[in-house]
Amino acid sequence: MDTLVLLTLTGLGLSALYFLLASGLALIFGLMDVLNFAHGAFLTVAVYAAWRTTSTVGGMPGLLLAVVVGTVVGLALALVVEFVLIRGLYGRPREQILVTVGLSLAVPALVQTAWGAEARTFPVPDALTGTVGVLGARVPVNRFVLIAAAVAVLIAVQLFLNRTRHGLIVRAGVEDRAMVRALGIDVTRAFALVFALGGALAGLAGVLGGLYFGSISPHGGTSYLIFAFVVVIIGGLGSLTGVALASLVVGLVQQYANFYAGGYGDLAVVVLLAVVVLGRPAGGSTLPRRLRQLLGAGPPEAAKASSRPGGGAHPEGTA
């Protein structure tokens, strides 16, 4: 019983980490039709900035400051990438993919050049190194930190999109950009805000990933990104709730399989992905269908509708 409790709560912590990264990915693609392969690169830069911060300051103040620094670095990097590289490529998915894949390769290489290829120990405050007794199991405290952070992010992002003026502008701009611009609202700034939010979530995921695993590496963001894509494919792009549920399933399956199936957690996740995709009704797989539309393999009407973020009016300045 204690083993099952430990595996479950540890799996929930891993699920929380996947959700934090996948939610930013789903927001950017779900609202803007930008498949951002550089999302893992945002995480890598942010977690190294956080590592330098917490190594310098130390203790719980250092970790709290590292969370702020990591989140801000992820946000700032996403803003720069959106303004410099992505803004002129809306409606051009092939170029978006090439640019973001290039970033996903170049950024970890630059980080590796600066800090080396070996993994670095992520400093964890003494208060978060202990365990808590739950039904006879000793569960690391940091698992509960990740779970709480994921729940808080889910609630905050849902409130932002559904209850705030900026969130409503984003959703309206996705549906009909021209109409919103006619009202004198700068939708371009709203879409940049979505990209920044995705980068901030990637940065937060990086810091909490360092807390969960206790170490960081230049290519860690790429590994996380693979599972984030799996979560998005399983959960779909319709709502963050679907992504949260998919994260829950993926994290638990991976954790249980690693223990009960001799370390084949990654394989179990791949099998789960195959079962979900093949078992869906025709047309039920949102991500592959939209990818086909974006890349011009779908019906002409769908391809035209997908030539702008979220299927709304064509963004200003696109090809």
Peptides ranked, highest mean first, by Cβ atoms within 10 Å: ranges 87-100, 14-27, 123-136, 61-74: 14-27, 61-74, 87-100, 123-136
Percent carbon-and-sulfur accessible area, segment 1-123, ignoring ligands, DNA and RNA, probe 1.4 Å: 73 percent
Residue-level accessible surface for residue 223, protein heavy atoms, 1.4 Å, Å²: 60 Å²
Added length on full extension, which subtracts the Cα-Cα distance from 0.36 nm per residue, residue 98 to residue 160: 19.2 nm
Segments 101-110, 42-51 sorted - mean Cβ within 10 Å per residue, highest first: 42-51, 101-110
Amide N proximity, segment 207-229 versus residue 129 label position 7 Å along Cα-to-Cβ, cut-off under 17 Å: 210-216
Pairwise FRET efficiency - residue 275 versus residue 121, Cβ, R0 = 22 Å, nearest 0.05: 0.05
Chain lengthening between residue 106 and residue 57 when straightened (0.36 nm per residue, less Cα-Cα): 14.7 nm
Tail beyond 19 Å, pair distance distribution of segment 1-134 (Cα, percent): 61 percent
Net charge of neighbours whose Cβ lies under 14 Å from the Cβ of residue 130, counting Lys and Arg as +1 and Asp and Glu as -1: +1
Net charge contributed by nearby residues that have their C-beta within less than 11 Å of residue 216 (K/R +1, D/E -1): +1
Ranked by how many other beta carbons lie within 10 Å on average, peptides 274-280, 254-260 from highest: 254-260, 274-280
Protein-only accessible surface order, largest first, of 118, 82 at 1.4 Å: 118, 82
FRET efficiency for residue 256 and residue 168, using Cβ-Cβ distance with R0 set to 45 Å, rounded to 0.05: 0.65
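The values are calculated or read from the model by the stated rules, or taken from the named source; none is laboratory data. Bear in mind that the values here come from a model prediction, so they are computed numbers and not experimental data. We place every Cβ from the backbone using ideal geometry, glycine too, and count neighbours over all the protein chains shown. Surface accessibility is based on the protein's heavy atoms, side chains included, excluding ligands, DNA and RNA. Shrake-Rupley method; radii C 1.70, N 1.55, O 1.52, S 1.80 Å.
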